[in-house]
Amino acid sequence: QVQLVGSGGGLVQAGGSLSLSCAASGSIFRFNAMGWYRQAPGKQRELVAAITSAGSTNYADSVKGRFTISRDNAKNTVYLQMNSLKPEDTAVYYCTLTSGPYTYWGQGTQVTVSS
(Lines give C-alpha, C1' and ligand atoms only; values in the text may rest on other atoms or scores of the structure.)
Protein backbone atom coordinates (compact mmCIF):
# COMPACT_ATOMS: atom_id res chain seq x y z
CA GLN A 1 0.00 0.00 0.00
CA VAL A 2 1.12 3.55 -0.78
CA GLN A 3 0.24 6.71 1.11
CA LEU A 4 0.53 10.21 -0.33
CA VAL A 5 0.59 13.27 1.91
CA GLY A 6 0.44 16.64 0.25
CA SER A 7 1.13 20.10 1.55
CA GLY A 8 1.12 23.66 0.32
CA GLY A 9 -1.58 25.49 -1.55
CA GLY A 10 -3.72 28.29 -0.17
CA LEU A 11 -4.95 31.66 -1.37
CA VAL A 12 -2.99 33.96 -3.66
CA GLN A 13 -3.72 36.90 -5.93
CA ALA A 14 -3.56 36.54 -9.67
CA GLY A 15 0.00 36.73 -10.89
CA GLY A 16 1.34 35.27 -7.68
CA SER A 17 3.07 31.99 -6.95
CA LEU A 18 2.41 28.94 -4.83
CA SER A 19 4.16 25.64 -4.36
CA LEU A 20 2.84 22.19 -3.59
CA SER A 21 4.68 19.15 -2.36
CA CYS A 22 3.64 15.55 -1.86
CA ALA A 23 5.53 12.78 -0.11
CA ALA A 24 4.89 9.13 -0.84
CA SER A 25 5.48 6.30 1.59
CA GLY A 26 4.87 2.58 1.65
CA SER A 27 5.64 -0.08 -0.91
CA ILE A 28 6.96 2.00 -3.80
CA PHE A 29 8.48 0.44 -6.84
CA ARG A 30 11.35 2.65 -7.89
CA PHE A 31 10.12 2.96 -11.47
CA ASN A 32 7.01 5.07 -11.22
CA ALA A 33 5.41 8.30 -12.26
CA MET A 34 4.22 11.03 -9.93
CA GLY A 35 1.96 13.86 -10.88
CA TRP A 36 -0.65 16.43 -10.07
CA TYR A 37 -4.28 16.54 -11.12
CA ARG A 38 -6.78 19.24 -10.36
CA GLN A 39 -10.52 19.54 -10.21
CA ALA A 40 -12.39 22.81 -10.29
CA PRO A 41 -16.04 23.07 -9.18
CA GLY A 42 -18.32 21.68 -11.86
CA LYS A 43 -15.45 20.46 -13.99
CA GLN A 44 -13.79 17.14 -14.63
CA ARG A 45 -10.55 16.26 -12.98
CA GLU A 46 -7.63 16.99 -15.30
CA LEU A 47 -3.94 16.22 -15.44
CA VAL A 48 -1.78 19.23 -14.63
CA ALA A 49 1.71 17.75 -14.80
CA ALA A 50 3.50 14.45 -14.40
CA ILE A 51 7.09 13.30 -14.01
CA THR A 52 8.60 9.86 -14.26
CA SER A 53 11.29 8.48 -11.99
CA ALA A 54 13.69 9.08 -14.91
CA GLY A 55 12.75 12.75 -14.96
CA SER A 56 10.58 12.93 -18.08
CA THR A 57 7.85 15.52 -17.71
CA ASN A 58 4.44 16.20 -19.21
CA TYR A 59 2.32 19.32 -18.78
CA ALA A 60 -1.19 20.39 -19.62
CA ASP A 61 -1.13 23.07 -22.31
CA SER A 62 -2.85 25.48 -19.95
CA VAL A 63 0.08 25.46 -17.50
CA LYS A 64 3.08 25.17 -19.79
CA GLY A 65 5.61 27.88 -19.10
CA ARG A 66 4.01 28.72 -15.74
CA PHE A 67 4.17 25.51 -13.70
CA THR A 68 7.21 23.34 -13.04
CA ILE A 69 7.06 19.80 -11.72
CA SER A 70 10.07 18.19 -10.08
CA ARG A 71 10.80 15.30 -7.80
CA ASP A 72 13.30 14.00 -5.29
CA ASN A 73 13.55 10.25 -5.79
CA ALA A 74 15.48 9.75 -2.55
CA LYS A 75 12.58 11.29 -0.64
CA ASN A 76 9.80 9.95 -2.89
CA THR A 77 8.53 13.49 -3.05
CA VAL A 78 7.05 15.43 -5.94
CA TYR A 79 6.83 19.21 -6.13
CA LEU A 80 4.77 21.63 -8.19
CA GLN A 81 5.95 25.22 -8.48
CA MET A 82 3.12 27.39 -9.79
CA ASN A 83 3.95 30.86 -11.08
CA SER A 84 1.87 33.53 -12.82
CA LEU A 85 -1.25 32.03 -11.33
CA LYS A 86 -4.62 32.81 -12.89
CA PRO A 87 -8.13 32.65 -11.41
CA GLU A 88 -8.81 29.68 -13.67
CA ASP A 89 -6.10 27.75 -11.81
CA THR A 90 -8.42 27.67 -8.80
CA ALA A 91 -9.10 24.03 -7.97
CA VAL A 92 -8.41 21.20 -5.59
CA TYR A 93 -5.04 19.75 -6.51
CA TYR A 94 -4.35 16.05 -6.03
CA CYS A 95 -0.99 14.35 -6.16
CA THR A 96 -0.73 10.88 -7.64
CA LEU A 97 1.72 8.04 -7.90
CA THR A 98 1.39 5.47 -10.64
CA SER A 99 3.31 2.23 -10.38
CA GLY A 100 2.49 -0.54 -12.81
CA PRO A 101 -1.30 -0.94 -12.99
CA TYR A 102 -1.94 1.00 -9.80
CA THR A 103 -2.55 4.71 -9.25
CA TYR A 104 -2.63 6.14 -5.76
CA TRP A 105 -4.14 9.50 -4.82
CA GLY A 106 -3.37 12.05 -2.18
CA GLN A 107 -6.03 13.80 -0.16
CA GLY A 108 -6.18 16.99 -2.21
CA THR A 109 -5.24 20.53 -1.36
CA GLN A 110 -7.11 23.71 -2.23
CA VAL A 111 -5.54 26.37 -4.43
CA THR A 112 -7.52 29.58 -4.78
CA VAL A 113 -6.43 32.42 -7.05
CA SER A 114 -8.25 35.70 -6.61
CA SER A 115 -8.61 38.22 -9.42
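The values are calculated or read from the model by the stated rules, or taken from the named source; none is laboratory data. Quantities reported herein were computed from a predicted structural model and do not represent experimental measurements. Glycine gets a Cβ as well: all are built from the backbone with ideal geometry, and neighbour counts include every protein chain shown. Just the protein is used for accessible areas: all its heavy atoms, side chains included, with ligands, DNA and RNA removed. Shrake-Rupley method; radii C 1.70, N 1.55, O 1.52, S 1.80 Å.
Summed over the range 32-60, the residues that are closer than 15 Å to Ala74 by Cβ and open to solvent by 90 Å² or more (accessible area, probe 1.4 Å) give a count of 1.
Of all the residues in the range 2-54, those that are within 17 Å of Ser99 (Cα to Cα), modelled with pLDDT of 95 or more and not in a strand (DSSP E or B) number 0.
Each residue in the range 17-52 was checked for being closer than 18 Å to Ser70 by Cβ and within 15 Å of the chain's Cα centre (by Cα), and 21 pass. Screening the candidates Val63, Val2, Val113 for the property of being surrounded by 15 or more Cβ atoms within 10 Å (Cβ to Cβ), in contact with a Gly (Cβ under 6 Å, 6 or more places away or on another chain), β-branched (Val, Ile, Thr) and touching a residue at least 24 places away in the same chain (Cβ under 8 Å) yields one hit, Val2.
Could you tell me which residue of the range 55-108 is farthest from Gln44 (Cα to Cα), considering only residues that are in a loop (DSSP other than H, G, I, E, B) and polar (S, T, N, Q)? By that ranking, first place goes to Asn73.
Taken over the range 75-105, the residue count meeting the criterion of being over 11 Å from Trp36 (Cα atoms) and among the hydrophobic types (A, V, I, L, M, F, W, C) is 3. Of all residues in the range 66-102, those satisfying the criterion of being exposed (fewer than 14 other Cβ atoms within 10 Å of the Cβ) and over 20 Å from Gly15 (Cβ atoms) are Asp72, Ala74, Lys75, Gly100, Pro101, Tyr102.
What are the residues in the range 74-89 that are touching a Ser or Thr at 6+ places or on another chain (Cβ under 6 Å) and more than 14 Å from Leu20 (Cβ to Cβ), if any? Result: Pro87, single match.
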